[in-house]
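Visitor: Please see the structure below; I have some questions.
What follows draws every value from the coordinates through simple rules; no lab data is involved. Please read all numbers here as calculations on a predicted model, not as lab measurements. Glycine gets a Cβ as well: all are built from the backbone with ideal geometry, and neighbour counts include every protein chain shown.
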Amino acid sequence: MAKRKAKNRWTPLQIITHLGALFPLVWLAWDFWQGQTALLINPFQEATFRTGKAAIILLMLSLACTPINTVFGFKQVLALRKPLGLYAFMYAAIHFSIFIVDNGLVSNSLNLWAVYEATFEKRYALVGFAAFVVLLTLAITSNQWSMRTLRKNWKRLHRFVYAAGVLAVIHFVWLVKSDIREPLIYGALLTIMLVLRIPAVRKWVVNTRQNLSRRRQAATSSS
Amino acid sequence: MATKINSSEITPEHIYLSRRKFMIGIGSLAASAAVLSACGNQFGSTASGSNAQAALPDDLKVSATTDELGDELTPFGAVTSYNNFYEFTTTKEGVAGLAEGFKTSPWQVEVGGLVNNPKTFDIDDLRTKFAQEERIYRLRCVEAWSMVIPWLGFSLSEILKEVEPTAQAKYVRFETLYDPDRLPGQSSRWYNWPYIEGLRLDEAMNPLATMATGLYGKHLLPQNGAPFRLVVPWKYGFKSIKSIVKIELVDKMPVSLWMAAAPNEYGFYANVNPDVPHPRWSQATERRIGEFGRRDTLPFNGYGDEVAYLYEGMNLRANF
């Protein structure tokens, strides 16, 4: 019993992760309550932007965990992949829900055709929707039961998170008007993270890190 | 934000107060929208209308509270705090703050090119020489949101008649002030500054093509394109170029800033057209600022009777 209790205790890193991941939502609610100008005047657009930004950042952070462990040997972050991924899904779900209401409510009635058109007729929306479907699938299967049932396939399925990352970045690139610097930063980070997952690269990085630490240890013990 | 102490010191008190009233008004509006939407209730323009009146300080003047279609005026606070003006910033709610203190006097507007009688007008001339009338027009942004704004100004054709275009003149080319020190957004190399816009001469001669010097009975504020801007109500908002320093009659179709930035997305004509989608989003509906749901977008923004003749026989899909 005591052992189990210890296992359930959250590390500071986990607490920071949960608080940080909830911050955009709290901030949105706070700004709405405070009457921040854009949220006051065009609330749907602003809330869509903000939740979309939160979703992509959290997805990038979730994808960053494995490369961070590869490069720095910092195992603690591996446990953050799941919560960060689920928070990314949560924001994507809010983002998509706002999109549905925003596009569907025309002349005071819900127009599902308008939602269909808005989602499937424009490429930026379509790739965003595809990213959402991937995240939804992964969120549904992010439990012990699914892991046990799917066995080997679970890992294969959850590799699609990379696809979600790529789709999300394309969604962002296709969305902006002209200045694509910001989405390109996400694209560059994503590329670096994906390269670090190539088995040969990963092995080389891990070997280099281990050699370095061995050499450091040897140096400290000899002095 | 308007609540900052230093900004309230700079801003004349009545404007500052009107902003606060607007905030309070629309804040309760947003809150009630959230509640009403949960009940599936209608959230209409009557609520925003009463707010427009509540937010109308004594110095704002309007002769009507709706446009000719019965659509309520967009509150002054929204018109002056939610602006697309990339010369200041690409953040719509950030323009008003950055534009505060932008010097619009002295200001001169050079009108020349293919004309018999080139002239340079002082902004004071433009405000007094031409009879200023109130014109309540819908403004439809290409980003699919819209407002109803009571402009103050006169027809562009009046200036053109003064300078007498020659027979060679086919187009009118407009240019915004270029001064990166005062317009910090012009340091961005993503756009080909200065902002350029253009109209075909017959479009420019249409009485709806308006040169605005004010709105809500006051001089334009910097965020709205002070001191002198174009208003072309049947075209997407980006055609209505702000803070103009030069008007030129030319024989070739001018290339606007947006045509240069994204030729496949922004054309010369840019007439409001629900049937021709933007490559990245639909133009069939729009969000009227202050309303909860969207509404259908009207061809030529509802001004078809006045302007459709200009485009007879033209393929509006090809000439977007």
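Visitor: Okay, helix-only estimate at 222 nm for chain A: each DSSP H run of n ≥ 4 adds -39500 (n - 2.57), divide by all residues, round to 500 deg cm²/dmol; what do you get? Mind showing how you got there, number by number?
Guide: On the way: 12 runs with 185 residues, N = 223.
Helices in chain A give a 222 nm mean residue ellipticity of -27500 deg cm²/dmol.
Visitor: Here's something else I'd like to know. For the range A:34-77, max minus min Cα coordinate along each principal axis, in Å, sorted largest first?
Guide: Extents along the principal axes: 47, 17, 11 Å.
Visitor: Something else about it: Which value, in debye to the nearest 20, gives the size of the charge dipole of the range B:172-320 about its Cα centre, when Lys and Arg are +1 and Asp and Glu are -1 at the Cβ?
Guide: Numbers: 17 positive and 16 negative charges, 94 e Å.
Magnitude of the dipole: close to 460 debye.
Visitor: I've got another one for you. Give me the inter-chain shielding for B:283-289: mean count of other chain Cβ atoms within 10 Å, whole number please.
Guide: Values: counts 0, 4, 10, 1, 8, 0, 3.
For peptide B:283-289, the averaged partner shielding equals 4.
Visitor: Nothing charged except the Cβ atoms of Lys and Arg (+1) and of Asp and Glu (-1): what's the magnitude of the dipole of the protein assembly as shown about its Cα centre? Round to the nearest 20 debye.
Guide: 5180 debye
Visitor: Within 10 Å of each Cβ in B:291-297, how many Cβ atoms from other chains are there, averaged over the peptide?
Guide: 5
Visitor: Which whole-number percent of Cα pairs in the range A:2-216 have a distance greater than 32 Å?
Guide: That tail contains 26 percent of the Cα-Cα pairs.
Visitor: Among A:37, A:191, A:17, which one moves the most in a GNM of chain A with springs linking Cα atoms closer than 10 Å?
Guide: A:37
Visitor: Compute a Gaussian network model of chain A, connecting alpha carbons closer than 10 Å, and tell me which residue from A:107, A:146, A:62 fluctuates the most.
Guide: Evaluated over chain A, the most mobile residue of the options is A:107.
Visitor: May I ask which residue of A:55, A:84, A:98 lies farthest towards the positive end of the charge dipole of the range A:2-216, with charges of +1 (Lys, Arg) and -1 (Asp, Glu) on Cβ and the Cα centre as origin?
Guide: A:84
Visitor: Put +1 on the Cβ of every Lys and Arg and -1 on every Asp and Glu Cβ in the protein assembly as shown; which of A:107, A:68, B:64 then has its Cα farthest towards the positive end of the dipole?
Guide: It is A:68, whose Cα lies furthest towards the positive end.
Visitor: Right, next: Treat every Asp and Glu Cβ in the range A:111-206 as -1 and every Lys and Arg Cβ as +1, leave all other atoms uncharged, and give the resulting dipole magnitude about the Cα centre to the nearest 20 debye. Don't skip to the end; give the middle numbers.
Guide: Details: 13 positive and 4 negative charges, 152 e Å.
Dipole of the range A:111-206, to the nearest 20 debye: 740 debye.
Visitor: Related question: Listed here are the pairs B:92/B:119; A:75/A:155; A:122/B:252; A:53/A:155; B:218/B:242; which of them are more than 24 Å apart at the Cα?
Guide: The pairs that break the limit, which is 24 Å between Cα atoms, are B:92/B:119; A:122/B:252; A:53/A:155.
Visitor: Next question, about the same structure. Evaluate the relative contact order of the range B:203-320 (contact order divided by residue number), counting alpha-carbon pairs under 8 angstrom at least 6 apart; express in whole percent.
Guide: Computed over the range B:203-320, the figure is 20 percent.
Visitor: I need the shape label for the protein assembly as shown. Rule: rounded when a/c is under 1.5, else prolate if a/b > b/c, else oblate, with a, b, c from the alpha carbon gyration tensor.
Guide: The shape class here is prolate.
Visitor: Rounded to the nearest 10 degrees, what's the angle between the helix A:81-104 long axis and the longest principal axis of chain A, both from Cα atoms, 0 to 90?
Guide: Tilt relative to chain A: about 10 degrees.
Visitor: Calculate the spin-label point distance for residue B:252 paired with residue B:312, positioning each point 7 Å from the Cα along the beta-carbon direction, and give it in nanometres.
Guide: With each label placed 7 Å out from Cα toward Cβ, I get 3.1 nm.
Visitor: Separate question: Would you mind computing, in nm to one decimal, how far apart the modelled labels at residue A:202 and residue A:144 are, each placed 7 Å from Cα along Cα→Cβ?
Guide: For the pair residue A:202/residue A:144, the computed spacing is 2.6 nm.
Visitor: If I take R0 = 56 Å and measure r between the Cβ atoms of residue A:29 and residue B:166 in this structure, what FRET efficiency does the formula 1/(1 + (r/R0)^6) give, to the nearest 0.05? Present the calculation step by step, with values, prior to reporting the outcome.
Guide: On the way: r = 61 Å, r/R0 = 1.09.
So the FRET efficiency works out to roughly 0.40.
Visitor: How about the range B:122-205: which chymotrypsin sites (Phe, Trp or Tyr not before Pro) there are in a DSSP loop, with at most 15 other Cβ atoms within 10 Å of their Cβ? Walk me through the numbers before you get to the answer.
Guide: Details: sites: B:130, B:137, B:145, B:151, B:154, B:171, B:174, B:178, B:190, B:191, B:195; in loops: B:130, B:178, B:190, B:191, B:195.
Passing both the DSSP loop test and the Cβ count: B:178, B:190.
Visitor: Quick check on the exposure proxy: order A:26, B:109 from fewest to most C-beta atoms within 10 angstrom.
Guide: A:26, B:109
Visitor: I've got another one for you. Antiparallel as a % of all DSSP beta bridges within the protein assembly as shown, to the nearest 5?
Guide: Counting only bridges with both partners in the protein assembly as shown, antiparallel ones make up about 85 percent.
Visitor: Which whole-number percent is the relative contact order of chain A (Cα, under 8 Å, 6+ apart)? Write out the running numbers ahead of the final one.
Guide: Working: 173 pairs, mean separation 42.0, N = 223.
19 percent.
Visitor: Give the separation of the Cα centroids, the range B:189-242 to the range B:120-138, in Å.
Guide: For the range B:189-242 versus the range B:120-138, the Cα centre distance is 13 Å.
Visitor: Okay, next question. Tell me, Kirkwood radius of the range B:182-273 from alpha-carbon pair distances, in Å?
Guide: 14.2 Å
Visitor: So, one more: Net charge near residue A:32, counting Lys/Arg +1 and Asp/Glu -1 over other residues with Cβ under 12 Å of its Cβ?
Guide: Residues near residue A:32 contribute -1 overall.
Visitor: In chain A, which longest range has no trypsin sites (Lys or Arg not before Pro) that are both DSSP loop (not H, G, I, E or B) and surrounded by at most 16 other Cβ atoms within 10 Å?
Guide: A:10-150
Visitor: Stokes-Einstein diffusion coefficient for the range A:1-93 at 20 °C in a medium of 1.002 mPa s, Rh from the Kirkwood formula over Cα pairs: what value in µm²/s?
Guide: Estimated diffusion coefficient is 145 µm²/s.
Visitor: Considering only C-alpha atoms, what is the centroid distance from the range A:165-185 to the range A:86-160, in Å?
Guide: 18 Å
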